[in-house]
Amino acid sequence: MRPLKSTRIPRKGAIIVTIHNLVKSVVSAALLAALSSTVVLAQGNVQAGQEKAATCAACHGASGNDSVLPNVPKLGGQGERYLVKQLHEIKADLRKVPLMTPIVANLSEQDMADLAAYFASLQAPRGAVEKAKLELGQKLYRAGDAKLGVAACSACHAPDGKGIASAGFPALSGQDTPYVELQLKSFRSGDRNNDQSDVMRMVTARLNDKEIAALASYVAGLH
C-alpha cells in the first residue's frame, strides 16, 4: 500500500500535474532565493577549506569521495549552497546526523563556507548502476511515473545528475547506492524532513522499496 497525502481521489492525471507544478514552483523559488540572498552568504575560500577539512577526511576520505564508513556521502563536486545548508541544519539539529553533530558544533559561518567551497572544488565521484535496476531507475529518474504521481527526478537534479547548484539542489551522480537508498527511505518515513516544500517526502511517499533501490542504483551511474 503506497501512502498518500490525502484520501481524496483526484481526477485522472491530476496528481502528476500537481507535483510537476510544485516542482516547478520550488525550482523557481529556490533560484529566486539564491539570487536575492547571495550578498549575505559568506564567501568560501578553497585553500582555507582544505586546511579545515582535515577532520572530515576521517570519514569522507582525502578526496571527499573515499567514504570509509557505511552510509557516508561523497562530497567531492557537491554544490556549495547545498553543503552549507546541510551543515547549518545539522548544527541546528534540523537534520539528525549524530556522527556529525559534535563536528559541526563549533563551526562558524565562514568555516562552513570554506568547507563547502573546498569540497565543491574537488572532482565529482564516478559510480555504476546495476544492470538489473537500470530500466526502472532510468524510467523513474528521467520520466517519473504518472500513475504514481511521481515527477521526474531530473527536474531538480538535472539529466546528468549534477543537480542545480545555484538553487541548492544536490548532485546525485556517482553517490554511493546504500547512502542514497537510506536517504530516500528516511524522507519517506519522515525521519529526514529538511527538504524544501516537502517535495522529497511527497515523492518518496509514493515509492516502494524496489523503486527506491532502482533509483539509488541508477543515480550512482549517472555522469
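Here are the numbers for the structure shown:
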{"quantity": "Residue ID - surrounded by the most Cβ atoms within 10 Å (Cβ to Cβ), chosen from residues in segment 50-59 that are without any contact (Cβ under 8 Å) to a residue 40 or more places away in the chain and not in a loop (DSSP other than H, G, I, E, B)", "calculated": "ALA57"}
{"quantity": "Boolean, LEU107 is part of a loop (DSSP other than H, G, I, E, B), outside the structural domain of ASN193 (by TED's automatic domain parsing), at pLDDT 95 or above and not basic (Lys, Arg)", "calculated": "yes"}
{"quantity": "Some residue of segment 80-99 being among the aromatic types (Phe, Trp, Tyr), in a helix (DSSP H, G or I) and in contact with a Pro (Cβ under 6 Å, 6 or more places away or on another chain)", "calculated": "yes"}
{"quantity": "Unmet requirement for VAL180, which otherwise passes all of (1) in a helix (DSSP H, G or I); (2) under 22 Å from ARG95 (Cβ atoms); (3) in contact (Cβ under 8 Å) with a residue 60 or more places away in the chain", "calculated": "(3)"}
{"quantity": "Output for segment 104-140, where each listed residue is surrounded by fewer than 16 Cβ atoms within 10 Å (Cβ to Cβ), hydrophobic (A, V, I, L, M, F, W, C) and under 19 Å from LEU222 (Cα atoms)", "calculated": "ALA128, ALA132, LEU134"}
{"quantity": "Number of the exception - PRO102 against (1) modelled with pLDDT of 95 or more; (2) touching a Gly at 6+ places or on another chain (Cβ under 8 Å)", "calculated": "(2)"}
{"quantity": "Pair list, Cβ under 7 Å, 6 or more apart: segment 144-158 residue assigned by TED's automatic domain parsing to the domain that holds ALA216, other residue polar (S, T, N, Q) and assigned to a loop (DSSP other than H, G, I, E, B)", "calculated": "none"}
{"quantity": "Verdict on LEU136 being modelled with pLDDT of 95 or more, over 25 Å from VAL72 (Cβ atoms), part of a helix (DSSP H, G or I) and of a type in the set (A, V, I, L, M, F, W, C)", "calculated": "yes"}
{"quantity": "Matching residues in segment 183-223 - criterion: being part of a loop (DSSP other than H, G, I, E, B) and more than 19 Å from ALA143 (Cα to Cα)", "calculated": "GLY190, ASP191, ARG192, ASN193, ASN194, ASP195"}
{"quantity": "Search result, residues across segment 164-193 that are of a type in the set (Ser, Thr, Tyr), surrounded by fewer than 19 Cβ atoms within 10 Å (Cβ to Cβ) and within 18 Å of VAL68 (Cα to Cα)", "calculated": "TYR179"}
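The values are calculated or read from the model by the stated rules, or taken from the named source; none is laboratory data. Note that the structure is a prediction, hence the values are computed from the model and not measured. Positions of Cβ are backbone-derived with ideal geometry, glycine not excepted, and every protein chain shown enters the neighbour counts.
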